Amino acid sequence: MSRNFLVVDPEQRLDVLKALASPIRIQILKLLRTQSAMNGSDIADKLELPQSTVSTNLQILEAAGLIRTDTQKARKGNQKICHSTFDEVLVMFDDDIAPLRSPMIEVAMPLGLYTSCEVSAPCGICSVDGIIGMLDVPDTFLEPDRMKAGLVWFTQGYLEYKFPNNARLSQHTVEAVEISLELSSEVPGTSADWPSDITISINGIEIGTWMTTGDFGDKRGVYTPSWWKLKGSQYGKLKNWRVTKDGTFVDGMKISPVSLIDLDLANHHSLRVRIAVKPDAKHPGGINIFGRGFGNYDQDIILRLYTAT
């Protein structure tokens, strides 16, 4: 997902400034930024506030354009799902406002567009409409309908995606590479205590391994379709892997010394991103990868190249 900025002239958008001038509304915005989409009831529970208070403040935020809401079916009637609209709000007077150049190139890769794979059962692929191919049959991962995938899972093996090196094409120097995806471990049914080591490689170089703690099914994923049984994997954790000159980090925590120098991106036309559960993993607990239409984040696998200005 692209990083979204809102540039506000205080003389023109007092509604935005008023919407931000509330500790409760700031709490709500922070919560939506860290937890992604949530309904009003969950927000009220998390912040320990009355439902009526949260509803009133959500209306103010939505009117100012700081959040957006989608209506989804619930067990009883419909529910409103709230999303944060902007990552940053900049307050500037009209004479100072100029077009912003974001030093970032982003490519969103649908789950099913992997260029190579090698997986072991239990495994499977789903679209928002249903199961693709046959469950627990690795050859299903070669089905043309995999292009519609919104959820994939396997016990061991890998999926590999080929991203264009657009920074090289535009002759920009890369200062950081970031890979963003929603994932969990994989167990028949679900289990909050089921660790699995996930290893990511770029162009054949392992940038590091991160351990997911479980296969989450305590509640339905925000975007997981209603036909998908609650006994199945519902959502994952959105993890951001970043490679810089100082090493590789997951959500800001350093996990390996592999740096941009090791990747030598200037000499590669593409970035081959491999997501794997290795046979010799200390915790070989499988993997679920959630894409559009499943999980809590409704996004593809995102590659971001941060470039020098």
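Summary of computed values
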| read-out | value |
| --- | --- |
| For the chain, built as a Gaussian network whose Cα springs stay under 10 Å, the top-fluctuating residue of 215, 197, 87 | 87 |
| Phi-based couplings in Hz for the range 283-292 (Karplus 6.51, -1.76, 1.60; Gly and Pro marked x) | 10, x, x, x, 8, 10, 10, 9, x, 5 |
| Relative contact order (%) - the range 217-309, alpha-carbon pairs under 8 angstrom, separation at least six | 30 |
| Projected-area mean, the range 174-309, by convex hull of Cα positions, square nanometres | 8.9 |
| Residues of the chain: accessible area per residue with a 1.4 Å probe, Å² | 51 |
| Set of lysines near residue 18 by C-alpha distance (under 28 Å), chain-local residues within fewer than 8 positions excluded | 30, 46, 80 |
| Separation in nanometres of the label points that stand 7 Å from Cα toward Cβ, at residue 49 and residue 251 | 2.4 |
| Cα Rg over Rh - the range 255-309, Kirkwood | 1.03 |
| Kirkwood hydrodynamic radius of the range 66-188, from inverse mean 1/r over distinct Cα pairs, in Å | 18.6 |
| Relative contact order computed over the range 35-90 (Cα-Cα under 8 Å; 6+ residues apart), in percent | 37 |
| For the chain, size of Cβ-based charge dipole, Lys and Arg +1, Asp and Glu -1, in debye | 540 |
| At 1.567 mPa s and 4 °C, Stokes D of the chain from Kirkwood alpha-carbon radius, µm² per second | 62 |
| The chain, relative contact order [Cα under 8 Å, separation at least 6], % | 21 |
| Set of lysines with alpha-carbon distance to residue 162 below 24 Å, sequence-local pairs under 8 removed | 148, 237, 239, 245, 278 |
| Nearest-0.05 FRET efficiency for residue 218 and residue 121, computed from C-beta distance (R0 22 Å) | 0.30 |
| The chain, helix-only ellipticity at 222 nm - DSSP H runs n ≥ 4, -39,500 (n - 2.57), divided by all residues, nearest 500 | -4500 deg cm²/dmol |
| Chain lengthening between residue 33 and residue 268 when straightened (0.36 nm per residue, less Cα-Cα) | 81.2 nm |
| Ratio Rg/Rh, restricted to the range 1-53 and using Cα atoms, in which Rh is the Kirkwood radius | 1.03 |
| Whole-Hz couplings from phi, Karplus 6.51/-1.76/1.60, listed for the range 226-240; x for Gly and Pro | 5, 6, 6, 5, 5, 6, x, 4, 9, 6, x, 9, 7, 10, 10 |
| Per-selection Kirkwood Rh - the range 102-172 (Cα, Å, 1 d.p.) | 13.4 |
| Amide H contacts under 5 Å for residue 254, placed H, 5+ residues apart | none |
| Against the rule of thumb 2.2 N^0.38 Å, how large the Cα Rg of the range 229-287 comes out | 1.47 |
| Residue with peak Gaussian network fluctuation, the chain [Cα springs, cutoff 10 Å], from 196, 180, 41 | 41 |
| Counted charge near residue 285, where neighbours are those whose Cβ lies closer than 9 Å (Asp, Glu -1; Lys, Arg +1) | -3 |
| Of 157, 295, 285, the one that fluctuates the most in a GNM where the chain has Cα springs shorter than 10 Å | 157 |
| Under-5 Å amide H pairs with residue 150, H placed in peptide plane, nonlocal only | 126, 127, 128 |
| Placed amide H near residue 176: partners under 5 Å, 5+ positions off or other chain | 306 |
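The values are calculated or read from the model by the stated rules, or taken from the named source; none is laboratory data. This is a predicted model, so every value here is computed, not measured. As a convention, Cβ positions derive from the backbone with ideal geometry for all residues, glycine included, and neighbour counts pool all protein chains shown. Accessible surface is based on the protein model in full, side chains and every heavy atom, while ligands, DNA and RNA are left aside. Shrake-Rupley method; radii C 1.70, N 1.55, O 1.52, S 1.80 Å.
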